[in-house]
Each structure stands twice: as C-alpha cells, then as structure tokens.
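Beneath this line is the structure, given in structure tokens, with notes to follow.
A short reminder: the numbers here are calculations on the coordinates, not readings from a lab. Values in this document were obtained by computation on a predicted structure and should not be read as measured data. Cβ placement follows ideal geometry from the backbone for every residue including glycine, while neighbour counts extend to all protein chains displayed.
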Amino acid sequence: MAVARPSLISQSSSSIKVAPATEKELMVYLGMASQTFCGALDFKMELSKAAVISMRPAFVAIRDLHGGRIPVRRKKFSDEELGKWVESQTFLRASDLCPKLLPDDINKRAEEIKKQLNTQSKK
C-alpha cells in the first residue's frame, strides 16, 4: 500500500471539494482522538502532551478536509474555535471512556456539560 506524502496531498488539496464533516466522520475523528488520549494517559504520558498528540489529527482533518465546518454549526470554525471544540469533545468522550485516568477538573467539567446537554434536549 502506498502512503501519500504531505507534499503530494498539499499539491492536490486545491482540487478537493471541501464539504462539512458528516456525523459519521466526526464520530471517527473524535473517537480516535479520545481513544488515543486515554491510551497515552494510561501509558503515563503528561496530560498536555497526550492532548496534543491525540487531538491534532482530528483538528487537522476537520480544518483541512472539511474547511472547519461541521453539520450542527452553520458557519466555519476559526482555528481557535475549532481547537477548543475538538478539545472539549475529546475530553467529554474520554470522561466516559477512561474517567479514572483524567484529572478531577476535567471529569467535573464533563459532567457539567452532560447536564447542560440533557437539560437542552428536554426543552
């Protein structure tokens, strides 16, 4: 199997039609980020390093392949907004996947977000 070199990808990226990420694509990107994040923490990697290693590929895929757009948001994310969104989504999923590996503040924030989402969905 041939592996595309970054220079080849960037040369052909102008011919790629950019469309918002689908729900399935987001599930894959964020699922991989969460699993990688939990795995890195399980191997005792420092939290900030684990976050960068695990979340960067999801960020780049959404930014470059989908123009920073997702289905539930009408406008494009800025890089800063997208980074924060990927981080929060990864932490939220990791709080279900490996809560014992996460610092208490991340677990508490994830629980707050889950409560807010439950409240919003009941309206």
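For segment 65-88, which residues satisfy the criterion of being surrounded by 12 or more Cβ atoms within 10 Å (Cβ to Cβ) and among the aliphatic types (A, V, I, L, M)? Within segment 65-88, LEU65, ILE70, LEU82, VAL86 meet the criteria.
Check every one of the helices (runs of 4 or more DSSP H) wholly within segment 38-123 and list those with 1 or more residues that are closer than 18 Å to VAL28 by Cα and in contact (Cβ under 8 Å) with a residue 60 or more places away in the chain. The qualifying helices (runs of 4 or more DSSP H) are 79-97.
When GLU111 is tested against (1) under 20 Å from SER48 (Cβ atoms); (2) touching a helix residue (DSSP H, G or I) at 6+ places or on another chain (Cβ under 9 Å); (3) acidic (Asp, Glu), just one condition goes unmet, and that condition is (1).
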